[in-house]
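Working notes, structure below.
The values are calculated or read from the model by the stated rules, or taken from the named source; none is laboratory data. The shown structure was predicted, so the numbers you read here are calculated from the model rather than taken from an experiment. All Cβ positions, glycine included, derive from the backbone under ideal geometry; neighbour counts span all protein chains shown. Side chains included, ligands, DNA and RNA excluded: accessible areas come from the protein's heavy atoms. Shrake-Rupley method; radii C 1.70, N 1.55, O 1.52, S 1.80 Å.
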Amino acid sequence: MERSATEGSPAADWWRQAVVYQVYPRSFADSNGDGLGDLRGIISRVPYLAALGIDAVWLSPFYPSALTDGGYDVDDYRDVDPQLGSLADFDEMAARLHERGIKVMVDIVPNHTSSRHAWFREALAAPKGSPVRDRYIFRDGLGPDGSTPPSDWTAMFGGPVWTRVPDGQWYLHLFTAEQPDLNWENREVRDDFLTTLRFWSDRGADGFRVDVAHGLAKNLAEPLEPLPAADHLTGLADPPGRHPLWDRDEVHDIYAEWRRVFDEYDPPRAGVAEAWVHPSRRPRYASPDGLGQAFNFDLLEANWRAEEFLRVITDSLAEAQRHGASTTWVLSNHDVVRHASRYGLPAGDHRMSTLNAKPWLLSNGTSPELDRALGLRRARAATLLMLALPGSAYLYQGEELGLHEVADLPAELLQDPVFSRSGGAEKGRDGCRVPLPWSPDGLSFGFGAGAAHLPQPAWFGPLSVQAQEHDPASTLVMYRQALGWRRRLRTAESLEWVPGGDGQVLHFSRPGGWQSVTNFGSLAVPLPHGTVLVASALLADGQLPPDTTAWILGSQ
Ligand code: NOJ
């Protein structure tokens, strides 16, 4: 039977309009001075998270890992990396967050394990055809001696998707060779993840962010099909759902099982899919019979242009309404160039702001020239606009400080496999993962007692938490004010556009008299009537300057 997304108690729906703050644990706060952030570091900053005014934290992986892919190569799904702490630390962290009314979302990485996972080691030690190999995807090679890989598919970070093992077979990995893909047709694999979901739920996890949720189900019937020319990442194959690797319809059977586990708890555990799929395919992941919510990356991909934002917002809300889901909004995360930097670069093609920033990153941030002030000004305006929208908003650590991407990390210090696997053709994601600055000086700007695992630039000091928290014009104070007002103004999930302007102003109202108005143009425009609650830049003479958002309370 189809269930409604709004069914159940309000507590069950906490995620629908939640503000979720993403913590990348290794770069958040380091409690023991080893240069790596850890769970006790997060515990020490719970008061900061509470003062920010968020509803939940999502923790990127903190599991034991060789860090081949920033922790998305998991050795053991039911433990904490000893460098980051212990299960007891997790319990304490969850308890401290819960005391402050903050929910906890754990990152689950089901498409692949790490090559150090006990299962993969067992698979390598076992003979060809053994049941323990069936938990992964092993195939014989082609050609008389099997030395040609089973297909010519390319992995996400470059290089082939197949790696050969000493007995001559090949295993599939959509990401790095250290991330072998699991075989989701294997019942043991499915059951083990159900155990993991219960393990964290029993320990107080309120929800799960599901990595590469559009992977998992694959059509590996032989002969292996050539991959459609369409976008490899999103599997925009025609007809939809037929790409051999991505976004296959069968994947939803897996999430229906997960939903049954989520619903064993009160309130039910929440889920959010990381699914880079065509917008028309997103509702399946966000279905109440599946994960319940899916990331909507359309705003993140939009350029700072009124028409792009308008189109994305209108389409996303219409789609959410059609399916009874609440939409999500994202401007930054640990995989993309920070939005302050994206908006300080010349705009590129329609909805391509993240791709557009890649050549800039590769030039170490030298070309084209970044307009730092403009980028930050627009980022603040974009955030304020996003936080006024119905649905839930995902924030990425450091954006509340107005951090730019660290684009000039030297090649020899890069950790992201994207750099090495692409042969240097892409710089990768380290620039948004540089540890946070908490104080204006010190070896790692208060991140920890020692140096940080990725070097922080000198310009981090003036952007530190301490430098900003008492400055009413700072980005941090703007986030705190906005989140405070958002909580007080929380209202039904609807929005009404207010016509006017010359196409350069996006103005809408929410039930209860909350209005948000953003000026994307180059000339100041008159502010609507009412009381200004918060603004992304200084206002003067009743005008809304360019690249600015203001929230107004009062009738239009
Ligand atoms: C998506 C994660 O966000 C990213 O950081 C990771 O590299 C891939 N999935 C592979 O797990």
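Restrict the check to the range 352-364 and report whether at least one residue is among the hydroxyl-bearing types (Ser, Thr, Tyr) and at pLDDT below 95. Checking the range 352-364: at least one residue is among the hydroxyl-bearing types (Ser, Thr, Tyr) and at pLDDT below 95. When residues in the range 91-136 are screened for being within 16 Å of the ligand (Cβ to nearest atom) and either open to solvent by less than 60 Å² (accessible area, probe 1.4 Å) or more than 24 Å from residue 67 (Cα to Cα) (or both), 14 of them pass. What about residue 248, is it under 23 Å from the mean Cα position of the chain (by Cα) and not in a loop (DSSP other than H, G, I, E, B)? No. Taken over the range 61-90, the residue count meeting the criterion of being outside any loop (DSSP other than H, G, I, E, B) and either in contact (Cβ under 8 Å) with a residue 40 or more places away in the chain or within 12 Å of the ligand (Cβ to nearest atom) (or both) is 3. For the range 424-442, a tally of residues being at negative phi, crowded, with 17+ Cβ neighbours inside 10 Å and in a loop (DSSP other than H, G, I, E, B) returns 9.
Name the single residue, out of those in the range 338-357 being open to solvent by less than 10 Å² (accessible area, probe 1.4 Å) and hydrophobic (A, V, I, L, M, F, W, C), that is farthest from the ligand (Cβ to nearest atom). Filtering first and then ranking leaves 340. All told, residue 55 falls short of being open to solvent by 50 Å² or more (accessible area, probe 1.4 Å), more than 16 Å from the ligand (Cβ to nearest atom) and of a type outside the set (S, T, N, Q).
Can you tell me which residue within the range 18-44, out of those that are assigned to a loop (DSSP other than H, G, I, E, B) and more than 21 Å from the chain's Cα centre (by Cα), is surrounded by the most Cβ atoms within 10 Å (Cβ to Cβ)? Ranking the candidates gives 30 first. Among the residues of the range 259-285 satisfying the criterion of being crowded, with 23+ Cβ neighbours inside 10 Å and either free of Cβ contacts under 8 Å to residues at least 40 places away in the same chain or not in a loop (DSSP other than H, G, I, E, B) (or both), which is farthest from the ligand (Cβ to nearest atom)? Result: 270. Taking residue 315 as the residue in question, decide whether it is open to solvent by 10 Å² or more (accessible area, probe 1.4 Å), more than 16 Å from the ligand (Cβ to nearest atom) and either in contact with a Phe, Trp or Tyr (Cβ under 8 Å, 6 or more places away or on another chain) or in contact (Cβ under 8 Å) with a residue 24 or more places away in the chain (or both). Yes, satisfied.
Checked against (1) within 13 Å of the ligand (Cβ to nearest atom); (2) open to solvent by 30 Å² or more (accessible area, probe 1.4 Å); (3) at pLDDT below 95, residue 415 passes all but a single condition, namely (3). Which one is nearest to residue 70 (Cα to Cα), of the residues in the range 151-162 that are within 16 Å of the ligand (Cβ to nearest atom) and open to solvent by 20 Å² or more (accessible area, probe 1.4 Å)? Selected residue: 157. Using the structure shown, decide if residue 197 is among the aliphatic types (A, V, I, L, M) and under 30 Å from residue 99 (Cβ atoms). Here the answer is yes, as residue 197 does meet what is asked. Restricting attention to the range 383-403, the residues that are crowded, with 24+ Cβ neighbours inside 10 Å and in contact with a Pro (Cβ under 9 Å, 6 or more places away or on another chain) add up to 2.
In the range 164-175, what residues are out of contact with any Ser or Thr (no Cβ under 7 Å at 6 or more places or on another chain) and either within 16 Å of the ligand (Cβ to nearest atom) or open to solvent by less than 30 Å² (accessible area, probe 1.4 Å) (or both)?
165, 168, 169, 172, 174, 175
In the range 177-209, of all residues being touching an Asp or Glu at 6+ places or on another chain (Cβ under 6 Å) and open to solvent by less than 20 Å² (accessible area, probe 1.4 Å), the one that is nearest to the ligand (Cβ to nearest atom) corresponds to 179.
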